[in-house]
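FYI, it's all coordinate maths here, none of it is from the lab. The model shown is predicted, which means the values in this text are computed figures rather than measured ones. FYI the Cβ positions are ideal-geometry reconstructions off the backbone, even for glycines, and counts take in every protein chain you see.
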Amino acid sequence: MSIRDVYIVDAVRTPIGKFGGALAGVRPDDLAAHVVRGLVDRSPDLDPTRVDEVVLGDANGAGEDNRNVARMAVLLGGLPVTIPGVTVNRLCGSGLEAVVQAARAIALGDASVVVAGGVESMSRAPWVVQKPERAFPAGHQQMWSTTLGWRMTNPRMPEEWTVSLGEGAELVADKHGITREAQDAFALASHHKAAAAWSAGHYAAEVLPYPGVDLVRDECIREGSTPEALARLKPAFRPEGTVTAGNASPLNDGAAALLLTDEEGLRATGREPLARIRASAVTGIEPHLFGLGPVEAVQRALAKAGRGFADLGVFELNEAFAAQALGCLAEWPELDPALVNRLGGAIALGHPLGASGARLAGSAAHQLARAGSGTAVAALCIGVGQGIALVLER
């Protein structure tokens, strides 16, 4: 059996809304339906019945994104009911995992045209209550937020592994001696690069505003931020710590989708692809050091592709925390840091968990298309200790 080439034909996303912001009134299944339908509509030569599958990442799944949000996106988007959908969960890596699974299906000949992406509404993530062990308990019951992080933790899990995400970032800062000043400088650069990218029109080709919502640009960008403003913020996880709300990614809402095809599917679209998928990798690491998860994943993916850091022209690394991103860069001495997130990163753009991996892959593909050629990497750290990476070429 021959392995087929897999192409990214197009990629779209919503503007990313802040927690409780412009997209907070939009259900996650509607966000997903918007990008899936909008993506298909951008290839008018493609008969929608040619879509073999919709694969979406979703890190929560406890609220309106329940009942397989990928299938809901097909139905709510008015696409043919014959298109199946599957939802995958690799926490922060879910959107990229969806792309990887879709690419694998195409490469093996199980599909020809697949929509892959992700969605998250952290604003609308519900509170949940566990069922009592016996009927009619007299006491109060604990309510858990499903927005982010550990909840209903198994008591058999070592406490060292179940620290908060922010404490995990502090541990990475400790490990690599990353200062508060370095983290704040990294965060400030993310905002300035994102604002400049929007002003230059670099996101115009990929962003689809949600109808009826007054949001045309990512909502968390603070181009007016200064070192002094960031320095005034208090540590969020340790009294004398270095991680603050200013040098961490915010809570967000958004969705993203990519159109993947083989050669036959590409001809059906009548379009030139943005990029080709070369390789991917997923790795594990100690849960409390989750922020360093991308280190080995990127190295493995590049090795599979027969490429090295010197071959890269685009590097999209999710900025869960400045400390986490800087920790990864410290372990990639061969990588030119100037290549990383040249259009801004998640600290500025936002991190809607299930959608972020798809946003990174889509942005990397669009950047390769503008450059005309090159190699790109998209990578994310993942809570509970994993990393995921994708290599693209054009």
Cα coordinate range in the range 192-245, projected on the principal axes (Å, largest first): 43, 23, 15
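Give the peptides 347-353, 144-150, 87-93, 379-385 in descending order of average Cβ contacts within 10 Å, highest first.
347-353, 379-385, 87-93, 144-150
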Cβ charges +1 (Lys, Arg) and -1 (Asp, Glu), total dipole of the range 257-394, debye: 320
Total charge dipole magnitude, the chain, about the Cα centre, Cβ charges on Lys, Arg, Asp, Glu only, Debye to nearest 20: 300
Max mean-square fluctuation residue, GNM over the chain, Cα-Cα springs under 10 Å, options Ala279, Ala371, Ala248: Ala371
Whole-angstrom gap from the range 5-21 to the range 23-95, using each part's C-alpha centre: 12
Rg in Å to one decimal, and Dmax rounded to a whole Å, for the range 55-110 via C-alpha atoms: 11.7, 34
Cα centroid separation - the range 171-221 against the range 111-159, whole Å: 28
Net charge of neighbours whose Cβ lies under 9 Å from the Cβ of Arg238, counting Lys and Arg as +1 and Asp and Glu as -1: -3
Peptide ranges 314-323, 166-175 listed from the most packed, as the mean C-beta count within 10 angstrom indicates: 314-323, 166-175
Residues whose placed amide H lies under 5 Å from that of Ser112, excluding near-sequence neighbours: Asp52
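Charges at C-beta only: +1 for Lys and Arg, -1 for Asp and Glu. How large is the resulting dipole of the range 258-325 about its Cα centre, in Debye rounded to 20? Mind showing how you got there, number by number?
Details: 7 positive and 9 negative charges, 34 e Å.
In debye, rounded to 20, the range 258-325 gives about 160.
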The chain: relative contact order as a whole-number percent, Cα under 8 Å and 6+ apart: 28
Dipole axis of the range 266-394 (+1 Lys, Arg; -1 Asp, Glu on Cβ), positive-most option in Phe315, Trp332, Ala364: Ala364
Computed over the range 163-278, the ratio Rg/Rh where both radii use C-alpha atoms and Rh is Kirkwood: 1.10
Rounded to whole Hz, the Karplus (6.51, -1.76, 1.60) HN-Hα couplings of the range 321-337, x for glycine and proline: 9, 4, 4, 5, 5, 5, x, 4, 4, 5, 9, 10, x, 7, 8, 6, x
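Over the range 170-313, what is the relative contact order in percent, taking alpha-carbon pairs closer than 8 angstrom and at least six residues apart?
Details: 88 pairs, mean separation 32.7, N = 144.
Computed value for the range 170-313: 23 percent relative contact order.
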By average C-beta atoms within 10 angstrom, highest first, the peptides 282-292, 33-43: 33-43, 282-292
Evaluated at q = 0.13, 0.15 Å⁻¹: base-10 log I(q)/I(0), Debye formula over Cα of the chain: -1.03, -1.36
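List the GluC sites (Glu not before Pro) within the range 325-394 that DSSP assigns to loop and that have no more than 13 neighbouring Cβ atoms inside 10 Å. Before the final figure, lay out each step's value.
Numbers: sites: Glu331, Glu334, Glu393; in loops: Glu331, Glu334.
Passing both the DSSP loop test and the Cβ count: Glu334.
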Dipole of the chain, positive end: most advanced residue of Pro84, Leu148, Pro126 [Cβ charges, Cα centre]: Pro126
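Would you calculate, for the chain, the mean residue ellipticity at 222 nm contributed by helices, counting each DSSP H stretch of 4 or more residues as -39,500 (n - 2.57) and dividing by all residues, to the nearest 500?
Taken over the chain, the calculation gives -9500 deg cm²/dmol.
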Distant-in-sequence amide H partners of Asn252 (H built 1.01 Å from N, under 5 Å): Met122, His351, Leu353
Residues with amide H under 5 Å from that of Ile382, placed H, sequence gap 5 or more: Gly293
Candidate aspartates and glutamates - alpha carbon under 15 Å from Lys304, same-chain residues fewer than 8 apart omitted: Asp5, Glu296, Glu393
